[in-house]
There are 2 protein chains.
Amino acid sequence: MKNEIGIYLIGLGVVGSGVAKQLISKEDIFTEAVGSKLVLNHVMVRNKTKKRDFQLSPDLFVDTFEEIINDDSTDVVIEVIGGVEPAKTFIIQALNNQKHVVTANKELIAKHGPELISIATENNVRILFEASVAGGTPIISPVIRDFSANNITSIKAIINGTTNYILSRMSTENADYFEVLKDAQKLGYAESDPTNDVEGVDAAYKLAILSSLSYKSFVKDSDVYCEGITNISAKDFQIAKELGYEIKLIAFSEFKDDQNSARVHPTLNSKNEMLANVNGVLNSVQIETDLIGNVLFHGAGAGSLPTASAVLADVIDISRNISSGFVVLDYMNISEKSSIVEISDLVTKYYIRVSAKDQPGVLSQISTILANHQISIASFIQKSSYDGLAELVIMTHEALERSIQDALGEIRNLNVVKAIDNSIRVMN
Amino acid sequence: MKNEIGIYLIGLGVVGSGVAKQLISKEDIFTEAVGSKLVLNHVMVRNKTKKRDFQLSPDLFVDTFEEIINDDSTDVVIEVIGGVEPAKTFIIQALNNQKHVVTANKELIAKHGPELISIATENNVRILFEASVAGGTPIISPVIRDFSANNITSIKAIINGTTNYILSRMSTENADYFEVLKDAQKLGYAESDPTNDVEGVDAAYKLAILSSLSYKSFVKDSDVYCEGITNISAKDFQIAKELGYEIKLIAFSEFKDDQNSARVHPTLNSKNEMLANVNGVLNSVQIETDLIGNVLFHGAGAGSLPTASAVLADVIDISRNISSGFVVLDYMNISEKSSIVEISDLVTKYYIRVSAKDQPGVLSQISTILANHQISIASFIQKSSYDGLAELVIMTHEALERSIQDALGEIRNLNVVKAIDNSIRVMN
């Protein structure tokens, strides 16, 4: 039983500031919740003299990690600097010094989660990372704790706020991608280099973490097939809506026949689905299990205070262990990876938009190619034509991804076809 | 460290059967998840010889509780018979014999939760009851664990599947209450005596439990103001829809200025709200906190396997403690109750439907009464008239509940008014 639990905070950016402020302003509440006082005893920052919008005692600031971590007064290390290095080195040092670790670092956990969990277990300490997926919305703890009697069969999620904000605005304002992106950057919803978000990399990190924990089988970020949203146009939204769909960047994975498959890409979603109606920067994660069916978690996926909430929940959980004198290790068994289903083996429906010459025989040529590849057409719509060009929209039934790509290649080469303007998978 | 964890199951009804079946069919999975084998060692039933759709060794069945509970081989008692007695007596005996308890009993926890938690704590054992609210959808564990750094400010939920099923069908089929109720009874979604569900009692139990844990201040079931759905008609749905609303039985509570308020009643909800779009037997719970904003949990709220999932998550959590040799007690501090806001002090918007004579001066008389009570009208619609009677719909701005009730009393007594057909609170 310790009266004081020492907390070493690495990073004082958006999330770190939120954590530090709450530790100070809710000191009494946390003491009551834990049974011991949570004391911020070191804060590691790159620039100790930087002006900040709140006061911390200058004694707290440190810029070297190695010495302080041996300090007996530190019980929990919080890492909120992000990226693989130097975060990974710091965390391994902390664990090897029997310090518990709480991190919000999705890239690190997606790439090295199992290794870090093993090091923690060897040292009889815990590493928790609730904030790494869906920010303030609880999802890792429910997966580990509340679904422990279930087989989790699939995950379907909107877990990147930037892209969902952009897509939501494109949908409601009938605006084009670059227009909305610029505005999102001005408003702080997108970074000046938005690549990680708009190309689906950020969502892939989160999906890899959730999938690994859910299926107890390591899915690395590089195992996640990834397509971004930069090709989606206002026209696609118009047509999707007419057909009863919304376009969302969906992170989807499933575990079937001992095989993982995981992918992040734009998707046409039926408006009857709850995920189709998730707008703005919010996140939604739908977990499918054998006993419960679908359970949806929906809320803030980023931001200083929501993310601090998740970090602090982990800190309080660990601190309750320390306070009661017992550490109960987590059951995050992640085995070596199962085989991963290639994207070309996927079976899916497709939305295909084609610009073609407005003349007889075009549909016949396209549909012959599709038929040759065993792709059957669910519906076909000819949109308005201008300049002798017709816009054709084809919705397919389920077909093999590989066949679709082969067929698209052949359709693209037809003399009557000007371009395949877009092709987007349809989820339901 | 125990190799075997003995489980004593009280009750083998819908939930108990689900629990027993999973314990048997997933034995290996649970052993891996816990580190010890979970062994069903006693099953208490009223009728030992009753025919069941699955096989349990006859040796397991017992019909007396007192002797067996002293048995050293029992570690966890699962209670799934429901109701206050004899469940309460059994649970207290179990706790006093240092057995951990898992229960799905909402009535018991709503009425006696803090007392049972105290007894558990005194005996250094745990009592968990995730299944008592929202069935398979995790909500109690997130409130205790994941929101531990937050102040929870309000709860807004659909937590009775029967009524949500009935209201959803009334809405989509434009059907009347009794018609749909009969069908729901045939389909097994409503009991032959549906009172507990349709009068909001079941939802009040669940709201009382969630509110007590969220605000750390005891809200008893009798503190929850309760109105059922039996007065809602197809006509109300028609009008609500025209105005952009869906009618739902909402369980709502908040904690403000050291005061609790908690209520279950039909509500007009804007169609833009996620809760308005929750249909069928599913449950949705929206928790509002200071750090995260709103977080929504959505999924199965009842049923054999979903409820068994929640029971077993509690059992596995406790068993992991037992298996690692340490019991970490829960932090469910529920203090004596704060004062409860009376329903008459509520400030709310109202939908009021009145049948009145179709003659000049009616609106003037009604609006004078409302004005006298400081109630301002947001909109007023005269629906079709027949037989010299007009149907009037009044939407008010926010007003004091007491003033509304007084005004309704006076309006009812007007000579020109035939009846107040319905009055329903409007949530947003």
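A few remarks follow.
- Condition met for A:Pro306 (assigned to a helix (DSSP H, G or I) and either within 11 Å of chain B (Cβ to nearest Cβ) or of a type outside the set (Ser, Thr, Tyr) (or both)): yes
- Check on B:Ser25, within 14 Å of another protein chain (Cβ to nearest Cβ), in contact with a Phe, Trp or Tyr (Cβ under 9 Å, 6 or more places away or on another chain) and not β-branched (Val, Ile, Thr): no
- Residue count, segment A:381-409 (criterion: exposed (fewer than 14 other Cβ atoms within 10 Å of the Cβ), of a type in the set (Ser, Thr, Tyr) and out of contact with any Asp or Glu (no Cβ under 8 Å at 6 or more places or on another chain)): 1
- Scanning segment A:315-367 for residues that are without any contact (Cβ under 8 Å) to a residue 40 or more places away in the chain and facing chain B (nearest Cβ under 9 Å) yields A:Phe326, A:Val328.
- For A:Ile109: the one exception among (1) more than 30 Å from the chain's Cα centre (by Cα); (2) under 23 Å from A:Ala134 (Cβ atoms): (1)
- Candidates B:Thr137, B:Thr163, filtered to the one that is farther than 28 Å from B:Met44 by Cα, β-branched (Val, Ile, Thr) and in contact with a strand residue (DSSP E or B) (Cβ under 9 Å, 6 or more places away or on another chain): B:Thr163
- Filter result (more than 7 Å from every other protein chain (Cβ to nearest Cβ), buried (at least 24 other Cβ atoms within 10 Å of the Cβ) and farther than 17 Å from A:Thr307 by Cβ) within segment A:129-146: A:Val143
- Among the candidates B:Leu291, B:Leu249, residue that is closer than 29 Å to A:Val19 by Cβ, among the hydrophobic types (A, V, I, L, M, F, W, C), assigned by TED's automatic domain parsing to the domain that holds B:Ala157 and in contact (Cβ under 8 Å) with a residue 12 or more places away in the chain: B:Leu291
- Within segment A:349-374, the set of residues being within 15 Å of A:Leu389 (Cβ to Cβ), assigned to a strand (DSSP E or B) and not polar (S, T, N, Q) comprises A:Arg353, A:Val354, A:Ala356, A:Lys357.
- Top-ranked residue in segment B:233-256 [being over 18 Å from B:Val278 (Cα atoms) and not in a helix (DSSP H, G or I); ranked as farthest from the chain's Cα centre (by Cα)]: B:Leu243
- Within segment A:2-38, the set of residues being among the β-branched types (Val, Ile, Thr) and closer than 14 Å to A:Phe61 by Cα comprises A:Ile7, A:Ile10.
- For segment B:284-303, the candidate set comprises residues that are more than 9 Å from chain A (Cβ to nearest Cβ) and in contact with a strand residue (DSSP E or B) (Cβ under 6 Å, 6 or more places away or on another chain); within that set, the residue that is modelled with the lowest pLDDT is B:Gly301.
- Selection status of B:Ala134, free of Cβ contacts under 8 Å to residues at least 40 places away in the same chain and part of a loop (DSSP other than H, G, I, E, B): no
- Positions within segment B:54-68 being assigned to a loop (DSSP other than H, G, I, E, B) and either touching a Pro at 6+ places or on another chain (Cβ under 9 Å) or not small (Gly, Ala, Ser) (or both), in sequence order: B:Phe54, B:Gln55, B:Leu56, B:Asp63, B:Thr64, B:Phe65, B:Glu66, B:Glu67
The values are calculated or read from the model by the stated rules, or taken from the named source; none is laboratory data. The structure displayed is predicted, hence computed values, not measured ones. FYI the Cβ positions are ideal-geometry reconstructions off the backbone, even for glycines, and counts take in every protein chain you see.
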